[in-house]
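Peer 1: Sharing a structure below in structure tokens format, with a few things to ask.
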Amino acid sequence: MNENPLDLLPEVLLGASAVLGLLLGAWLPRRRQWLTGALAAVACVAGIAAAVAAAPGPMAAFDGAFAIDPVTATARVVILGGTLLVLVLGRIAYRADPRETEFYVLLQLAALGALLLAGAQDLLLLAAAYLLASVPSYTLAGFRKDGPGTEAALKYYVVGALLGVMMLTGITVLFAAGRATAYPALAGGLATAPTGLVAAGVVGLLAGVLFKAGGVPCHFWVPDAVQGSTPAVAAFLATLPKIGALAALYRLAAVPLSATDVPWPALIAVLATASMTLGNLAAFFQTDVRRLLAYSTISQVGYLLIPIAVTGRSDQAQPALLYYLAGYALTNLGAFAVVCALPRARALDDYRGLLRRHPALALSLVVCLLGLLGTPPTAVFLGKLQVFTAAVDGGYTWLAVVAAVNTVASLFYYLRWIQPAVAGARADADAGAGAGADAGADAARTLTVRRPAALLACAAAAASVVLGIAGGPVLDLLGGPLVR
Amino acid sequence: MLTALVLLPAAAAVLLLCLPRSTPRTAFRVVWVAVSAAVLALALAVWAGYRDAGGIQYETHARWIPSAGIGYHIGVDGLSLPLLALTAVLFLACSVHALRGTHRVREFAALFLFLETTCLGLFAALDLILFFVFFDLSIVAMYFIIAGWGHKGAGRAALYFFLYTFLGSLALLLGFIGLYLAAEPHTFDMVALTAQNPLAGRSAYGALVLLALGIGLAVKTPTVPFHTWLPPAHTEAPAEGSAILAGVLLKMGTYGFLRIALPMLPEAWRSYALVFVVVGVVSVLHGALVALAQTEFKRMIAYTSVNHMGYIVLAIGAAAAAGGSTGDARRLAVTGATYQMVSHGLLTGALFLLAGVLYERGRTYDMGAYSGVAATAPVFAALTGVAAFASLGLPGFSGFIAEFQILTGSLGPRPVATGLAVLGILLTAALFLRALQRIFLGPLRLPEAPGTARPFADIRAHEGVAIVPLLALAVVLGLAPRFVLDVIEPASRDVLELLAR
């Protein structure tokens, strides 16, 4: 029996810092609330250190309810690192806001939920983690208390509640079929259970997991939540819960579902196709940058589902998924950091002339968007290469072809954003001297930059390139065995 | 040394971007020309140290991402060395030609230097992923050049170019993955894959991989039916961009065939060589016929590129023909194909730079708008005439040596196809003569568009310095081809040996 809380040190630290931050925030003056943010940042950094230092080998903690293996370790590092980035972005946006502390606390709790999703080794813990990841997120989505924010929160909540119930139903059915909730025991139980029952349970479970991941057909909340909430929150919602959810799905696929007859790989392959295709098609003619990024994340979930579909058929699946997750999180947060750095620029056209005014920021935007596309030598390229390789290796060549075609399609809308950003100043600025000066001043106002966020964007872009070039040692760490 | 050659331009690009805003424009131009010249010097030094015996030289092999089978492996052999030198020459010519440019000089120079790194890196790469990295980055850099410095419709043309060639690059990537998974142990290393011939005896798998590679490389070459991105991209691109696009980037496709498809998929290539022969002949004829119908000078040159690249595809298709008696002929075909890459790079680069001169004076490429230009700009007319005659394959120029070898080499194995391809030369001759006659002869008439009030000025010094050496080199290669052929021939013999497995 293993109930050593030190095994869960990153999670414990984050939870403790959230609770402590809540208490502290109640007593601190408004100008000092940043202390709670600093506390959260320290918790994240310490958590990353603990995750890196933890034993890599597969180990089950707390009666096998929580797994500690490469999947958990990667998810910990990526989620905590991402949370750190979002904390900084939030600090820039909510400086001396009356509710600054609340933001930090909610963010930490939601991140904690994502961490637990990634490590859950028991269906009941998975359900609890789902709720922990969701409830603070609903609040975060409506954090601004305005019209779009309320709509975002409401949509997010309603969809989340519905799909959460479906997930609980699925868990109940799987429990009935497999007579256990812990994955290793469940794996044995499901192998002999009636296929129809298991299939029904899997579909219910998928509903919840895909909701957190933001994949088709549970993606309806994504565009509204990302567009309606503040950019910092959007960056979080669009990136980090996905990591927990996809790690959880991978674990489900690799352990309890590995021995069943249910054709879940085919189902996931179809969902992956739907996710990337619909996400891309919907992103084509968006004019709001956040909505465009939202649809782009939906399509990215499609690529991320590919290695899950070939789990067990290709040794490459696990490193491919984990590496892609890390690269994607970094690149996507970089793109959102650019959005945060230009709070007044909302439409694609507002970015016109960015290269001239802020060359470094424009360059970061180009690197991040081309990175999301999978242009070498960024991290997502190596991730995509691994994913395609895993797909072909696992016998899903058609899925790799679909993903390649979709990648070309996605180029179109990323270029719709890049083109104005690198183009010269607004065309009407050259029209007349007086009008030109006005338009120039307008553009200057639209492109007011928040310097810390811009720095963060540059750092993320640079890091995504470095991670891509120095991907060798990282890849070596991602292939270890899971708890079975 | 090779690594330094490849990375020098990119390092200079970073340096340019880091210079303060107050730096005078002249500084950017000087750095650009100086770095291009240094690259050329390095390339010549590599050539000087290259032994004609063949094989891969200047090899560097370092671990990069071993768990994914990716390594940093570069080197040169007889196929890549001439192309490396061509790249260095053309980029230097472009940097000189752009000396008078005023629009965002710093970014233009930085992009070109970055593009030079990707081109050099691609020709030096001996790892499929390294090859792919440079392949993709060259597309990205060219996209920004067309979109940022092109003419009116550049945005659309650049988008079309990027989408189309990116599709090709992903097809290529899928093919690479197929090769990687077939090899045991899995690797992306070109030398290891070539030695292993991993798809021997697996014809269906080999055919699929060849299909993916074929589409990817055919888009880049481009051959019919994948050539439709080329004319708009060329028409809208700035002169220097066009020169590099046609002179260097198109060669990546045909180089890929010789470097990857033939040696790594010999069986599949032999089975489907006829497809490439047909595609080559169709490209030759289609390119020439459509070029004949063009009224715009630059668009016409763009289509002649399709025609000239078609000869290369024909030659490498014919090289796979069975039968021992045609061995010498096939070697001639492969050598001619490589020679044609160099020759076409020089001539088409010069032609596009000349088209840029025409546009700069008259603000249009429409041949109907000009007449009798030879009277006011004799040097320009003479240079264009020389370039056109060289391009249509007149003896004494490099194009003749290349096309003669290709046609002689292909005639034995593929007589019908070669017979048809000869018609292409006739058509090219007709279209170039007609273009020369329209623009340069007859009564003087110049386009009347805004900004063209001044008379048609003759070639300026910087334009002459950029264009004349390209034509001079074409003459040198046409009169004394031996020093290049000595480098190419051992490599083409190696390729044929690998193909015969």
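Peer 1: Return the carbon/sulfur percentage of the accessible area of the protein assembly as shown, one whole number, probe 1.4 Å, all protein chains in place.
Peer 2: Its accessible area is 69 percent carbon and sulfur atoms.
Peer 1: Take every residue in peptide B:169-175, count the Cβ atoms of other chains within 10 Å of its Cβ, and give the average of those counts.
Peer 2: The per-residue average across the peptide is 6.
Peer 1: Moving on. Would you check the accessible area of A:M166, probe 1.4 Å, heavy atoms only, in square angstrom rounded to 10?
Peer 2: Using a 1.4 Å probe on the heavy atoms, I get roughly 80 Å².
Peer 1: In debye, nearest 20, what is the charge dipole magnitude of chain B about its Cα centre with +1 on Lys and Arg Cβ and -1 on Asp and Glu Cβ, if you could check?
Peer 2: Computed about the Cα centre, the dipole is about 980 debye.
Peer 1: Starting from the Cα of B:K298, draw a straight line to each of the aspartates and glutamates and keep only those under 12 Å, dropping any in the same chain fewer than 8 residues away.
Peer 2: B:E236, B:D366
Peer 1: Based solely on its DSSP helices, what 222 nm [θ] is calculated for the protein assembly as shown when runs of n ≥ 4 H residues each add -39,500 (n - 2.57) and the sum is averaged over all residues, nearest 500 deg cm²/dmol?
Peer 2: Taking each H run of at least 4 residues, the total per residue is -24500 deg cm²/dmol.
Peer 1: Suppose every K and R has +1 on its Cβ and every D and E has -1 on its Cβ; what is the size of the dipole of chain A about the Cα centre, in Debye to the nearest 20?
Peer 2: Taking the Cα centre of chain A as origin, the dipole is about 980 debye.
Peer 1: For segment B:191-336, what are Rg and Dmax over the alpha carbons, in angstrom?
Peer 2: Over segment B:191-336's Cα set, Rg and Dmax evaluate to 16.1, 50 Å.
Peer 1: For helix B:25-48, report the angle its Cα long axis makes with the longest principal axis of the Cα atoms of chain B; keep it between 0 and 90° and round to the nearest 10°.
Peer 2: So the inclination is approximately 40 degrees.
Peer 1: In Å², rounded to the nearest 100, what is the total accessible surface buried by chains B and A against each other with a 1.4 Å probe?
Peer 2: 2900
Peer 1: When the solvent-accessible surface of protein heavy atoms is calculated with a 1.4 angstrom probe, in what order do B:V279, A:V310 fall, highest first?
Peer 2: Listed by decreasing accessible area, they come as B:V279, A:V310.
Peer 1: If you don't mind, another one. Go through B:R21, B:R299, A:R313 and list them by solvent-accessible area, largest first, probe radius 1.4 Å.
Peer 2: I get B:R21, A:R313, B:R299, largest accessible area first.
Peer 1: Relative to the first principal axis of the alpha-carbon coordinates of chain A, what is the inclination of helix A:231-254, with its axis defined by its Cα atoms, in degrees from 0 to 90 and to the nearest 10?
Peer 2: Result, in degrees: 20.
Peer 1: Check the straight Cα-Cα distances from A:K155 and name the lysines below 20 Å, setting aside those fewer than 8 residues away within the same chain.
Peer 2: Leaving aside lysines fewer than 8 places away in the same chain, those within reach of A:K155 are A:K145, A:K212, A:K242.
Peer 1: Please work out the FRET efficiency for the pair A:A128 and A:W27, using the Cβ-Cβ distance as r and a Förster radius of 22 Å; give the result to the nearest 0.05.
Peer 2: The value I calculate is 0.15.
Peer 1: Let me ask another. Normalised by the empirical 2.2 N^0.38 Å for globular proteins, what value does the Cα Rg of segment A:264-484 take?
Peer 2: Compactness ratio reported: 1.11.
Peer 1: Using alpha carbons only, how many angstrom separate the centre of segment A:93-125 from the centre of segment B:75-112?
Peer 2: 52
Peer 1: So, in nm, how far is label B:D366 from label B:A34 when the simple model puts each one 7 Å beyond its Cα toward the Cβ?
Peer 2: Going from the B:D366 label point to the B:A34 one covers 4.5 nm.
Peer 1: Taking the simple approach of a point 7 Å from Cα along Cα-to-Cβ for both A:A53 and A:L197, what is their distance in nm?
Peer 2: Label at A:A53, label at A:L197, 4.7 nm between them.
Peer 1: Using a 7 Å offset from the Cα along the Cα-to-Cβ direction at both B:A375 and B:R156, what is the distance between the two label points in nm, to one decimal?
Peer 2: My value for the distance between the label points is 3.7 nm.
Peer 1: Something else: Determine the distance separating the Cα centre of segment A:245-293 from the Cα centre of segment B:12-35; give it in Å without decimals.
Peer 2: 47
Peer 1: For the protein assembly as shown, just run the numbers: alpha carbon Rg, then divide by 2.2 N^0.38 Å, N being how many residues it has.
Peer 2: So the protein assembly as shown has a normalised radius of gyration of 1.00.
Peer 1: State the Kirkwood hydrodynamic radius of segment B:266-309 in Å, one decimal place, computed from all pairs of distinct Cα atoms.
Peer 2: Hydrodynamic radius (Kirkwood, Cα pairs) of segment B:266-309 is 11.2 Å.
Peer 1: What whole-number value in cubic angstrom gives the convex hull volume per residue for the C-alpha atoms of chain B?
Peer 2: 127
Peer 1: Probe radius 1.4 Å, ligands and nucleic acids left out: which of A:M59, B:M142 has the largest accessible area, and how do the rest follow?
Peer 2: A:M59, B:M142
Peer 1: Next up: Choose one of A:P420, A:G374, A:L399: the residue whose Cα lies farthest towards the positive end of the charge dipole of segment A:264-484 (beta-carbon charges +1 Lys, Arg; -1 Asp, Glu; about the Cα centre).
Peer 2: After comparing all options, I get A:P420.
Peer 1: Find the centroid of the Cα atoms in segment A:20-54 and in segment A:359-380, then give the distance between the two in whole Å.
Peer 2: 31
Peer 1: Only Lys, Arg, Asp and Glu count, each charged at its Cβ (+1, +1, -1, -1), so figure out the dipole size of the protein assembly as shown about its Cα centre, rounded to 20 debye.
Peer 2: 1880
Peer 1: On full extension of the chain, what length is gained from A:F412 through A:F175, given 0.36 nm per residue of separation minus the C-alpha to C-alpha distance?
Peer 2: 80.8 nm
Peer 1: If you don't mind, there's one more thing I want to ask. Under 11 Å from a point 7 Å along the Cα-to-Cβ line of A:T287: which residues of segment A:345-363 have their amide N that close?
Peer 2: Within reach of a label on A:T287: A:347-350.
Peer 1: Report the rotationally averaged projected area of segment A:1-262 based on its alpha-carbon convex hull, in square nanometres.
Peer 2: The number I arrive at for segment A:1-262 is 13.0 nm².
Peer 1: Here is a follow-up. What are the ³J(HN,Hα) couplings of segment A:101-114, residue after residue, when phi is run through the Karplus curve with 6.51, -1.76, 1.60 and θ = phi - 60°? Round to Hz, x for glycine and proline.
Peer 2: So the J values, rounded to whole Hz, are 4, 4, 4, 4, 5, 4, 4, 5, 5, 5, 5, 4, x, 5.
Peer 1: Of B:V96, B:A302, B:P455, whose Cα points farthest to the positive end of the dipole of the protein assembly as shown (charges on the beta-carbon: +1 Lys, Arg; -1 Asp, Glu; origin at the Cα centre)?
Peer 2: B:P455
Peer 1: Okay, moving on. Please compute the per residue accessible area over chain B with all protein chains in place, 1.4 Å probe, rounded to a whole number of Å².
Peer 2: 32
Peer 1: Now for a different question. Given an 8 Å cut-off on Cα distances and at least 6 residues of separation, report the relative contact order of segment A:293-402 as a percent.
Peer 2: 39
Peer 1: On to the next question. How far is helix A:379-393 tilted off the main Cα axis of chain A, in degrees rounded to 10, range 0 to 90?
Peer 2: 40
Peer 1: Over the Cα atoms of chain A, Rg to Rh with Kirkwood Rh, two decimal places?
Peer 2: Radius of gyration relative to Kirkwood radius: 0.97.
Peer 1: Dipole of the protein assembly as shown (Lys/Arg Cβ +1, Asp/Glu Cβ -1, origin at the Cα centre): which of B:F161, A:A309, A:P256 lies farthest to the positive side?
Peer 2: B:F161
Peer 1: Compare each residue of segment B:1-48 in its chain alone against the assembly with all protein chains, and report those whose accessible area goes down by 20 Å² or more; 1.4 Å probe, heavy atoms.
Peer 2: SASA drop of 20 Å² or more in segment B:1-48: B:R21.
The values are calculated or read from the model by the stated rules, or taken from the named source; none is laboratory data. Owing to the predicted nature of the structure, the values given are computational and were not obtained by experimental measurement. Backbone-built Cβ (ideal geometry, glycine too); neighbour counts: all protein chains shown. Note: accessible area is taken over every heavy atom of the protein model, side chains too, but ligands, DNA and RNA are not part of it. Shrake-Rupley method; radii C 1.70, N 1.55, O 1.52, S 1.80 Å.
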